[in-house]
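Only one structure is covered here, and it is reproduced in the block below.
The values are calculated or read from the model by the stated rules, or taken from the named source; none is laboratory data. None of these values were measured; they are calculated from a predicted model. Positions of Cβ are generated from backbone atoms using ideal geometry, with glycine treated the same way; all protein chains shown enter the neighbour counts.
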Amino acid sequence: MFKIMIVEDDYKIREIMIENIKKWNFDAIAVEDFNEVFHTFVKYEPDLVLMDINLPCFDGFYWCNKIREVSRVPIVFISSRNTNMDIIMAINMGADDFIQKPFSLDVLIAKLTAILRRTYSYSNIESNVLEYNGAILNLKDCNLMYNEEKIDLTKNEFKILYTLIKNNREVVSRDKIMKALWEDESFVDDNTLTVNINRLRKKLSDMGLTDFIQTKKGQGYIIQ
């Protein structure tokens with residue numbers, strides 16, 4: 001089932017859209033907290049985003065740009081703003097279509113269906129991120145984002161953090177982490193792992209993620 005995320009400030013409009021989208025056997029949610037648009041996107045992992053331009057806090061252009069940093073998921077703007085400049089900005093930001101308000105629900109559904117069919121018939125587009133407690137790991141560019149701050153990770157730091165986040169409710173042994181690092185045939189001994197863990201912890205602490213990686217004596221590591 002395709003998942004649609006709606007970023008629309010008008011409560012009545014978004015409820016009508018959700019009701020009609022679900023009639024076509026799509027799943028749909030609407031963003032409630034407009035400070036958390038990006039985090040909602042990461043957690044929900046939608047197949048398509050419906051985005052208004054005029055929003056509280058930051059406008060739709062801002063959130064479109066944030067999403068495009070990590071994903072090529074289709075984004076369709078819906079707005080009463082219909083100047084050529086608005087449409088050009090939307091397309092330049094990476095939007096796939098622009099629907100002017102007021103719009104026909106039949107036209108909306110037809111456009112969504114066409115974009116989903118076109119997109120997912122030819123490629124498997126996914127969000128290239130992992131998220132845990134507000135920390136967002138970019139799988140494509142090997143960086144970590146937290147509270148609007150971004151840090152670059154070395155290859156080993158990225159693999160360590162990826163392994164821990166993928167197993168976020170489990171204690172991960174040092175052996176399992178070292179095996180993950182060995183996948184590219186580079187030799188990593190026990191001391192090298194300790195150095196990488198300590199360096200990663202320092203980077204995390206500097207961006208506000210103090211004690212993000214916890215040591216379980218005699219067992220391994222777990223993220224908090």
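Go through (1) among the charged types (D, E, K, R); (2) modelled with pLDDT of 90 or more; (3) surrounded by 12 or more Cβ atoms within 10 Å (Cβ to Cβ) and name the single condition R118 misses.
(2)
Condition check: out of contact with any Leu (no Cβ under 8 Å at 6 or more places or on another chain), under 19 Å from N133 (Cα atoms) and either surrounded by 13 or more Cβ atoms within 10 Å (Cβ to Cβ) or not hydrophobic (A, V, I, L, M, F, W, C) (or both). Does N168 satisfy that?
yes
Considering only region 70-107, how many residues are in contact (Cβ under 8 Å) with a residue 24 or more places away in the chain and under 24 Å from the mean Cα position of the chain (by Cα)?
Residues meeting the conditions: 15.
So, in region 16-30, exactly how many residues are surrounded by 15 or more Cβ atoms within 10 Å (Cβ to Cβ) and at pLDDT below 90?
The total comes to 0.
Anything in region 47-61 that is in contact with a helix residue (DSSP H, G or I) (Cβ under 9 Å, 6 or more places away or on another chain) and not small (G, A, S)? List them, or say none.
Step one: list which residues in region 47-61 are in contact with a helix residue (DSSP H, G or I) (Cβ under 9 Å, 6 or more places away or on another chain), which gives 47-55, 57-58, 60-61.
If the condition is that a residue be in contact with a helix residue (DSSP H, G or I) (Cβ under 9 Å, 6 or more places away or on another chain) and not small (G, A, S), then D47, L48, V49, L50, M51, D52, I53, N54, L55, C57, F58, F61 are the ones that fit.
Residue-wise test of (1) assigned by TED's automatic domain parsing to the domain that holds F34; (2) under 30 Å from M207 (Cα atoms).
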residue	(1), (2)
C64	yes, yes
D96	yes, no
L139	no, yes
N147	no, yes
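To keep it simple, each residue is scored yes or no on (1) among the hydrophobic types (A, V, I, L, M, F, W, C); (2) out of contact with any Gly (no Cβ under 8 Å at 6 or more places or on another chain); (3) at pLDDT 95 or above.
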residue	(1), (2), (3)
E32	no, yes, no
H39	no, no, no
K43	no, yes, no
I75	yes, no, yes
R81	no, yes, no
M85	yes, yes, no
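For region 171-222, how many residues are aromatic (F, W, Y), without any contact (Cβ under 8 Å) to a residue 60 or more places away in the chain and buried (at least 17 other Cβ atoms within 10 Å of the Cβ)?
Of region 171-222, the ones aromatic (F, W, Y) are 182, 187, 212, 221.
Narrowing the set further to residues that are without any contact (Cβ under 8 Å) to a residue 60 or more places away in the chain leaves 182, 187, 221.
Remaining after also requiring buried (at least 17 other Cβ atoms within 10 Å of the Cβ): 221.
Selection size over region 171-222: 1.
When you go through (1) over 28 Å from N147 (Cα atoms); (2) at pLDDT 90 or above one by one for G208, which number turns out not to apply?
It fails just one condition, (1).
Check F158 against each of (1) in contact with a Cys (Cβ under 9 Å, 6 or more places away or on another chain); (2) at pLDDT below 85 and name the one condition it does not meet.
The number of the failed condition is (2).
Being surrounded by fewer than 18 Cβ atoms within 10 Å (Cβ to Cβ), closer than 22 Å to K66 by Cα and β-branched (V, I, T) narrows it down to one of I151, I136, so name that one.
I151
Any residue at all in region 190-200 that's touching a strand residue (DSSP E or B) at 6+ places or on another chain (Cβ under 8 Å), modelled with pLDDT of 85 or more and outside the structural domain of I75 (by TED's automatic domain parsing)?
For region 190-200, residues touching a strand residue (DSSP E or B) at 6+ places or on another chain (Cβ under 8 Å), modelled with pLDDT of 85 or more and outside the structural domain of I75 (by TED's automatic domain parsing): present.
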